[in-house]
Amino acid sequence: MISKEQFNHEIELIIANAIREDVGDGDHSSLACIPETAQGKAKLLVKDEGVLAGVEFAKQVCAYVDPNLEIEVLISDGSPVKYGDIAFYVIGSSLSILKAERLVLNAMQRMSAIATKTKFFVDLLAGTNTKILDTRKTTPGIRALEKWAVTIGGGENHRFALYDMIMLKDNHIDFAGGITQAINQTKSYLKETGRDLKIIVEARDLNEIKEILKSDGVYRILIDNFNYEDTREAVRLIGDTCLTESSGGIDENTIRKYAECGVNYISSGALTHSVYNLDLSLKAM
């Protein structure tokens, strides 16, 4: 996984690029009609129901736009919210509030949607030993925000990107000439390059599970698109050799049954690619 410093750098890049994209050479709508010295106050109004996420990000956005903006937080990240709740107040330059507004809303609406969906899946797994993971099926350019939202909702992050973990999937295996070849070549590559990266290997059937188990050094086996019976058998075969992860078309109707097969993790791209933004609004007071 990436370090805290790397993650923070990703957030800084997102903010800088988003403000560049949205503001350009100036917010001329605001500059045209609001005095530079004008001071104001606005509230972040919740117009939906779910799990709030992005408050800490909003604070970073405001600090980037104008260090003199003050944020009074009433509801913190990870809290349940309902229609009519006020998450926070922002006080300071009216021009600065308006400059930060769209980025704050866009990010918080999406982050809250992801946190809400993640919490829904986490609750479905209650009482099992299985944890929910996200994937790389994220919106280009804002992956850090979406993965942050997953953790706010109670889920866990999979690898962040291609560089922080080895994941040998079906195409890697086929291009490499087979499972054993792919694993051996990977271990040689890591030794030659001096990298310490965990190795996950995908299995498409029980025979591939058995072949993976012939090699040591595998951190987790991805049990992909298995039915319940074969998943249980895969977990039995793997035992304590390494961790297990189920994936592939698992939804709210099937996630509990896969968890009851005994897997350590279930990964779901739907946490980030299939959500509807939570309705939030920033209103002047």
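Within the range 185-195, is even one residue closer than 21 Å to Ser247 by Cα and modelled with pLDDT of 95 or more? No, every residue in the range 185-195 fails to be closer than 21 Å to Ser247 by Cα and modelled with pLDDT of 95 or more. Considering only residues in the range 28-44 that are open to solvent by 40 Å² or more (accessible area, probe 1.4 Å) and part of a strand (DSSP E or B), the one that is farthest from Arg102 (Cα to Cα) turns out to be Gln39. Of the residues Gly78, Gly127, the single one that is closer than 30 Å to Glu260 by Cβ and either within 19 Å of the chain's Cα centre (by Cα) or open to solvent by less than 40 Å² (accessible area, probe 1.4 Å) (or both) is Gly78. Here Glu21 does not qualify as free of Cβ contacts under 8 Å to residues at least 24 places away in the same chain and closer than 15 Å to Leu282 by Cα. Can you tell me which of Asn68, Asn8 is free of Cβ contacts under 8 Å to residues at least 24 places away in the same chain, polar (S, T, N, Q) and open to solvent by 60 Å² or more (accessible area, probe 1.4 Å)? After ruling out the rest, the residue left standing is Asn8. Beta carbons closer than 8 Å, at least 6 apart along the sequence or on distinct chains, pair a first residue in the range 149-164 that is of a type in the set (Val, Ile, Thr) with a second that is open to solvent by 30 Å² or more (accessible area, probe 1.4 Å) for Val150/Glu156; Val150/Asn157; Thr151/Asn157; Ile152/Asp77; Ile152/Gly78. Scoring Gly141 on the criteria (1) open to solvent by 30 Å² or more (accessible area, probe 1.4 Å); (2) assigned to a helix (DSSP H, G or I); (3) not aromatic (Phe, Trp, Tyr) leaves a single failure, condition (2).
A single entry from Asp48, Asp25 fulfils the requirement of being in a loop (DSSP other than H, G, I, E, B), acidic (Asp, Glu) and loosely packed, with under 15 Cβ neighbours inside 10 Å: Asp25.
Check whether at least one residue in the range 255-277 is surrounded by fewer than 21 Cβ atoms within 10 Å (Cβ to Cβ) and either closer than 30 Å to Leu95 by Cβ or in contact with a His (Cβ under 8 Å, 6 or more places away or on another chain) (or both), and report yes or no. Scanning the range 255-277, I find at least one residue that is surrounded by fewer than 21 Cβ atoms within 10 Å (Cβ to Cβ) and either closer than 30 Å to Leu95 by Cβ or in contact with a His (Cβ under 8 Å, 6 or more places away or on another chain) (or both), so the answer is yes. Tally the residues that are open to solvent by 30 Å² or more (accessible area, probe 1.4 Å) and in a helix (DSSP H, G or I), restricting the search to the range 180-207. Going through the range 180-207 one residue at a time, the tally reaches 12.
Regarding the range 1-19, can at least one residue be identified that is in a strand (DSSP E or B), of a type in the set (A, V, I, L, M, F, W, C) and within 27 Å of Pro80 (Cβ to Cβ)? No, the range 1-19 contains no residue that is in a strand (DSSP E or B), of a type in the set (A, V, I, L, M, F, W, C) and within 27 Å of Pro80 (Cβ to Cβ).
Residue selection: Ile223 satisfies the criterion of being among the aliphatic types (A, V, I, L, M) and closer than 17 Å to Thr135 by Cα.
For the range 222-241, residues that are open to solvent by 20 Å² or more (accessible area, probe 1.4 Å) and outside any helix (DSSP H, G or I) total 6.
Hey, does the range 85-94 have a residue that's touching a Ser or Thr at 6+ places or on another chain (Cβ under 9 Å), within 13 Å of Val275 (Cα to Cα) and either of a type in the set (Gly, Ala, Ser) or open to solvent by 60 Å² or more (accessible area, probe 1.4 Å) (or both)? Among the residues of the range 85-94, not one is touching a Ser or Thr at 6+ places or on another chain (Cβ under 9 Å), within 13 Å of Val275 (Cα to Cα) and either of a type in the set (Gly, Ala, Ser) or open to solvent by 60 Å² or more (accessible area, probe 1.4 Å) (or both), which makes the answer no. For the range 170-208, a residue qualifies if it is among the charged types (D, E, K, R) and under 15 Å from Leu133 (Cβ atoms), and the qualifying residues are Lys198, Glu202.
The values are calculated or read from the model by the stated rules, or taken from the named source; none is laboratory data. A quick note: this is a predicted structure, and the numbers were derived from the prediction, not measured. A quick note on method: Cβ atoms are made from the backbone with ideal geometry, for glycine too, and the neighbour counts reach across all protein chains shown. Heads up: the accessible areas ignore ligands, DNA and RNA and are worked out on the full protein's heavy atoms, side chains in. Shrake-Rupley method; radii C 1.70, N 1.55, O 1.52, S 1.80 Å.
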